[in-house]
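First up is the structure itself, then whatever we jot down about it.
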Amino acid sequence: MSSTMMRAAVFEGRGTIRIREVPRPSPGLGEALIRVTLTTICGTDVHILKGEYPVREGLVVGHEPVGVVAALGAGVTGYALGDRVIVGAITPCGQCRACLSGDASQCGGGGPGDQAGYRAIGGWRFGNTIDGCQAEYVLVPNAQANLAKIPDSLSDEEVVLCPDIMSTGFSAAERGRVRLGDAVAVFAQGPIGLCAAAGARLAGAALVIGVDKVPRRLELARRMGADVVLNYEEQDVVAEIKKLTGGGVDVAIEALGQPSTFEGALRSVRPGGTVSSLGVYSGHLALPVDAFAAGLGDHTIVTSLCPGGKERMRRLMSIVAAHRFPFGELVTHRFGLGEIEAAYDLFSHQRDGVMKVAIRP
């Protein structure tokens with residue numbers, strides 16, 4: 001392969017992501033080129049693969065990079081070639097109105113270099129509006145605001161969940177304003193839901209309830225902060241949650257992106273409580289009017305886009321380093337970049353107890 005080329009996972013149209021040889025980017029002003037040493041597949045990537053979230057054909061997918069600095073553009077200081085770094089799935093500039101107002105996840109809604117005509121949701125650019133990181137190299141925009149150095153004491157696998165899964169999961173408790181002593185229910189115990197349970201525990205919840213149907217996930221939920229686990233195939237979880245809490249939880253977290261889990265969360269929250277939704281929804285989201293209390297329940301409904309930026313990544317890595325929860329157990333399968341199609345097949349069909357897959361270029 002030419003030194004000007006690299007291998008990358010390219011979206012070629014609905015149902016097809018394949019490894020292709022593409023030009024290796026070079027960093028311009030304020031940018032950095034990262035040699036990717038580890039990445040992973042997100043549920044949002046599966047939405048892209050299935051054509052449920054539109055991106056342009058020919059886009060390199062992926063938004064969870066761990067790697068080393070390979071080249072630096074002009075204006076990027078404080079970093080050296082070979083530094084181990086992670087970059088959040090969301091890459092705020094740090095200078096726009098959204099960033100300076102404290103809404104960094106909604107940075108710009110696009111910006112220079114983004115592909116016109118395709119959906120630009122906040123600061124989510126990697127694998128959405130610009131080439132992503134399921135590749136040998138990735139070009140990082142606004143590098144000064146986004147490169148987070150990895151402590152020598154932490155391995156790539158220990159931090160690979162920080163760019164998206166941990167940041168998104170924890171944001172459910174933050175956006176839901178979980179308070180000391182709250183009761184919290186988390187609907188769906190996939191990787192994000194498990195991190196949401198951990199985030200609720202760290203925020204001070206006195207009771208954390210994990211809801212799922214997969215025994216292995218319910219077992220892991222207990223180790224990730226849940227006090228009680230409920231299998232929705234075996235019991236009426238809404239009735240059980242109301243019984244456990246005397247009327248409903250203070251905060252219900254939806255971590256899957258399905259109408260059924262959203263409705264379950266809304267039915268489980270007390271009057272005046274909060275539904276904090278993390279899921280990426282496709283299709284039509286409809287709710288029975290009684291679950292919505294006819295609009296009279298004083299409910300708060302909030303959604304979250306994964307917080308990014310280097311300070312967010314530093315804080316998440318400090319939580320990993322504290323060994324409060326077994327985050328490493330969420331990575332269950334490992335593949336080389338050349339096996340990306342097999343990795344997508346496994347992950348999208350949720351076979352073999354998969355939680356997260358690690359992809360090593």
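The values are calculated or read from the model by the stated rules, or taken from the named source; none is laboratory data. Every value quoted in this text rests on a predicted model; they were computed, and no experiment measured them. Here Cβ is always computed from backbone atoms with ideal geometry, including for glycine, and neighbour counts include all displayed protein chains.
Taken over the stretch 204-221, residues that are of a type in the set (Lys, Arg) and either surrounded by 15 or more Cβ atoms within 10 Å (Cβ to Cβ) or within 20 Å of the chain's Cα centre (by Cα) (or both) amount to 1. Looking at Arg35, Arg56, just one residue is closer than 24 Å to Ile340 by Cα, charged (D, E, K, R) and in a strand (DSSP E or B), and that residue is Arg35. Looking only at the stretch 324-349, how many residues end up being within 19 Å of Pro361 (Cβ to Cβ), among the small types (Gly, Ala, Ser) and part of a helix (DSSP H, G or I)? Qualifying residue count for the region: 3. For Arg270, the conditions (1) surrounded by fewer than 15 Cβ atoms within 10 Å (Cβ to Cβ); (2) without any contact (Cβ under 8 Å) to a residue 40 or more places away in the chain all hold with the exception of (1). Annotation note: Cβ proximity below 8 Å between a residue of the stretch 211-229 that is more than 15 Å from Gly199 (Cα to Cα) and in the same structural domain as Ile253 (by TED's automatic domain parsing) and a residue that is among the aromatic types (Phe, Trp, Tyr) and crowded, with 17+ Cβ neighbours inside 10 Å (sequence gap 6+ or interchain) occurs for Val211/Phe187; Val211/Tyr232; Asp212/Tyr232; Lys213/Tyr232. Residues of the stretch 248-267 that are free of Cβ contacts under 8 Å to residues at least 24 places away in the same chain and touching a strand residue (DSSP E or B) at 6+ places or on another chain (Cβ under 8 Å): none at all.
Give the stretch 227-247 a look and list any residue that's hydroxyl-bearing (Ser, Thr, Tyr) and touching a Leu at 6+ places or on another chain (Cβ under 8 Å), or say none. Even if it seems obvious, please write down each step before you answer.
Filtering the stretch 227-247 down to residues hydroxyl-bearing (Ser, Thr, Tyr) leaves 232, 245.
The one that is hydroxyl-bearing (Ser, Thr, Tyr) and touching a Leu at 6+ places or on another chain (Cβ under 8 Å): Thr245.
For the stretch 302-321, a residue qualifies if it is under 18 Å from Gly199 (Cβ atoms), in contact with a strand residue (DSSP E or B) (Cβ under 6 Å, 6 or more places away or on another chain) and either crowded, with 16+ Cβ neighbours inside 10 Å or among the hydrophobic types (A, V, I, L, M, F, W, C) (or both), and the qualifying residues are Val302, Cys306, Gly308, Met313. Any residue in the stretch 280-298 that is at pLDDT 95 or above and not in a loop (DSSP other than H, G, I, E, B)? No, that holds for no residue.
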